[in-house]
Amino acid sequence: MTELVRIPVERLNLPPRTGPLRRMAKHPRLMHHHRLLSAVIVTNLAVGVHGAAEGWFHTQDAALAATSWAVLVNLALAVLIRQQYVVNLLFWLATRAPTHWPLRVRWTLGKVYHFGGLHVGAAIAGTLWFGVHAGCLTGAVLAGADQVQVARAAVTYALVVLLVSMVWTALPAKRAARHDRFEYVHRYGGWTVLGLFWAQTVLAARAGAPGSGSAQLLVLAVITFSVALPWLRLRRVRIDAVRPSSHVVVAGFDHGVTPFAGSSTAISRNPLRQWHGFANVPTPGRSGFRLVISRAGDWTGTFVDDRPERVWVKGIPTAGVANIEVLFTKVVYVATGSGVGPCLPHLIARAVPCHLVWATRSPRATYGDALVDEILAVQPDATIWDTTVDGKPDMLRLAYQAYRDTGAEAVICISNKRLTWDVVYGLEQRGIPAYGAIWDS
């Protein structure tokens, strides 16, 4: 059995923060996710101003056609940017840059996982445009309309209520407080919205409304196919769940899928209820993969206590934040607890030289000798901090020491929200490329 090596950590001083403007640019409120969100909103405002100047809204029919297209374009962006194949394509494109390119360029490309800002911005803009569209349609109904127009207006009002509900429950504070509600409203509300959009499009075509031609039908068909595609790959598969401790389950999958390192898979015990994504851990030379699932809430706690024999999976393995490692000559992985799971496939694959910093309680007792030995086999010099023995470490200093001592170009942190932001923005404000989950919607 390989023994853990306790590595002393210097009480080193962190380098000074960069200038105030650069520190401001690295603030969480100005991260790339929020910049993309703002860019979408500003673009929609610019389109609206331009349209008003060009007479797009000067007549009722023109206003209905223009707002209808604005809604549809934003809806398409909001849906397609989350499609798994599109996500993988975005990561593939962003990571084509060679490591001899300027670090600042690669640093920015590594933020590709902030694409969720486009989803949020488009969802908000589309909802606002739809409110304008509903107002225009109300004017048409009050001016005198037939039964088709009245039905069209009723569908539109239902859509407004659903879209506002989806945006409201997705607000960060609301989502964090009631995540199950957010998931149900987004899934079932989203399906209902899609069905109502089809109904509205058919009614608009029957009413002879401008802008309700085949082009809109084609866009709506693409959106529908994108939403349905992951569910077309829904299957119930057998797993081999091993519990090294009461805190963790290592679930083994071998149903004909061997995902690429760093991807994730969504699983569920009931496909119409909760879905949870976990990082895939493939083993070189073997088919299948593993998921490291630790007790972090009601669903995972139940999974650990009552290991199922089968679970549902859907969609395809999807790239995650750690896949940006290939943009750099060497990276430091910083993980706490089961956050080592998403790091492990990259450590095993050795596509990029790396160093692991892992803080967890009683590594062997919690995760089992097999998993810890597997880590040490590929990372014999890993910095492993046993919090049961040494208490909670200063992860920012641990990360910086590893970055400095190994000559790495970037740091990737996999941990809880607060610690991830402490490490990522603590380093970025000192001019060090750092990456971690952003918990966007």
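Checking the structure you have, find out if any residue of the stretch 369-380 is touching a Lys or Arg at 6+ places or on another chain (Cβ under 6 Å) and closer than 14 Å to residue 423 by Cβ.
Just the residues of the stretch 369-380 that are touching a Lys or Arg at 6+ places or on another chain (Cβ under 6 Å), to begin with: 372.
Subset that is closer than 14 Å to residue 423 by Cβ: none.
Checked against the condition, which is being touching a Lys or Arg at 6+ places or on another chain (Cβ under 6 Å) and closer than 14 Å to residue 423 by Cβ, the stretch 369-380 yields no hits at all.
Of the residues that make up the stretch 232-242, is at least one open to solvent by less than 70 Å² (accessible area, probe 1.4 Å) and under 29 Å from residue 365 (Cβ atoms)?
Just the residues of the stretch 232-242 that are open to solvent by less than 70 Å² (accessible area, probe 1.4 Å), to begin with: 234, 237, 239, 241.
If we keep only those that are under 29 Å from residue 365 (Cβ atoms) too, we end up with 239, 241.
The answer is yes; a qualifying residue exists.
Going through the stretch 290-310 one residue at a time, which ones are among the charged types (D, E, K, R) and either within 22 Å of the chain's Cα centre (by Cα) or part of a strand (DSSP E or B) (or both)? Spell out how you get there, then give the answer.
Pass one, the stretch 290-310, residues among the charged types (D, E, K, R): 290, 295, 298, 305-307, 309-310.
Passing the criteria: 290, 295, 298, 310.
The stretch 109-217 holds helices (runs of 4 or more DSSP H) entirely within its bounds, and those carrying 1 or more residues that are farther than 30 Å from residue 320 by Cα and touching a residue at least 24 places away in the same chain (Cβ under 8 Å) map to 116-142, 147-170, 179-206. Scan the stretch 42-51 residue by residue and report those that are within 19 Å of residue 127 (Cα to Cα) and either of a type outside the set (A, V, I, L, M) or surrounded by fewer than 16 Cβ atoms within 10 Å (Cβ to Cβ) (or both). Matches in the stretch 42-51: 42, 43, 44, 45, 46, 48, 49, 51.
Kindly provide the set of residues from the stretch 244-263 that are hydroxyl-bearing (Ser, Thr, Tyr) and either touching a His at 6+ places or on another chain (Cβ under 9 Å) or surrounded by 21 or more Cβ atoms within 10 Å (Cβ to Cβ) (or both), ordered by number. Step through it out loud before you land on a result.
Step one: list which residues in the stretch 244-263 are hydroxyl-bearing (Ser, Thr, Tyr), which gives 245-246, 258, 263.
Listed by number, the list holds a single entry, 263.
Of note, residue 313 does not satisfy the criterion of being in a loop (DSSP other than H, G, I, E, B), of a type in the set (A, V, I, L, M, F, W, C) and either open to solvent by less than 20 Å² (accessible area, probe 1.4 Å) or in contact with a Phe, Trp or Tyr (Cβ under 9 Å, 6 or more places away or on another chain) (or both).
When the residues of the stretch 86-106 are narrowed to those that are in contact with a Leu (Cβ under 8 Å, 6 or more places away or on another chain) and not polar (S, T, N, Q), which ends up farthest from residue 132 (Cα to Cα)? Explain how you work it out, then say what you get.
Of the residues in the stretch 86-106, the ones in contact with a Leu (Cβ under 8 Å, 6 or more places away or on another chain) are 86, 94-95, 97, 99, 106.
Pick out the ones that are also not polar (S, T, N, Q) and you get 86, 94, 97, 106.
Values: 86: 30, 94: 36, 97: 42, 106: 40 Å.
Ranking the qualifying residues of the stretch 86-106, first place goes to 97.
Which strands (runs of 3 or more DSSP E) does the stretch 235-289 wholly contain that include 3 or more residues that are of a type in the set (D, E, K, R)?
Working: elements: 235-245, 248-253, 263-268, 276-279.
Fully inside the stretch 235-289 and qualifying: 235-245.
Looking only at residues of the stretch 128-177 that are closer than 21 Å to residue 66 by Cα and in contact with a Lys or Arg (Cβ under 7 Å, 6 or more places away or on another chain), we find that the one that is least open to solvent (accessible area, probe 1.4 Å) is 137. Just give me the residues in the stretch 397-407 being under 14 Å from residue 359 (Cα atoms) and either open to solvent by 30 Å² or more (accessible area, probe 1.4 Å) or in contact with a Pro (Cβ under 8 Å, 6 or more places away or on another chain) (or both), in sequence order. Selection gives 397 alone. Residue 182 satisfies every condition listed in (1) crowded, with 18+ Cβ neighbours inside 10 Å; (2) touching a Leu at 6+ places or on another chain (Cβ under 7 Å) except (2).
Residue under question is residue 75, and the condition is that it be hydrophobic (A, V, I, L, M, F, W, C) and surrounded by fewer than 19 Cβ atoms within 10 Å (Cβ to Cβ); does it hold? Answer is no for this residue.
Can you pull out the helices (runs of 4 or more DSSP H) entirely within the stretch 11-83 that have at least 1 residues that are under 23 Å from the mean Cα position of the chain (by Cα) and over 22 Å from residue 194 (Cα atoms)?
Numbers: elements: 20-25, 32-54, 60-80.
Hits in the stretch 11-83: 20-25, 32-54.
The values are calculated or read from the model by the stated rules, or taken from the named source; none is laboratory data. Keep in mind that what you see is a predicted model, and the values were worked out from it rather than measured. Don't worry about glycine lacking a Cβ; one is built from the backbone with ideal geometry, like all the others, and counts go over all protein chains shown. Keep in mind that these areas ignore ligands, DNA and RNA; they rest on the heavy atoms of the full protein, side chains included. Shrake-Rupley method; radii C 1.70, N 1.55, O 1.52, S 1.80 Å.
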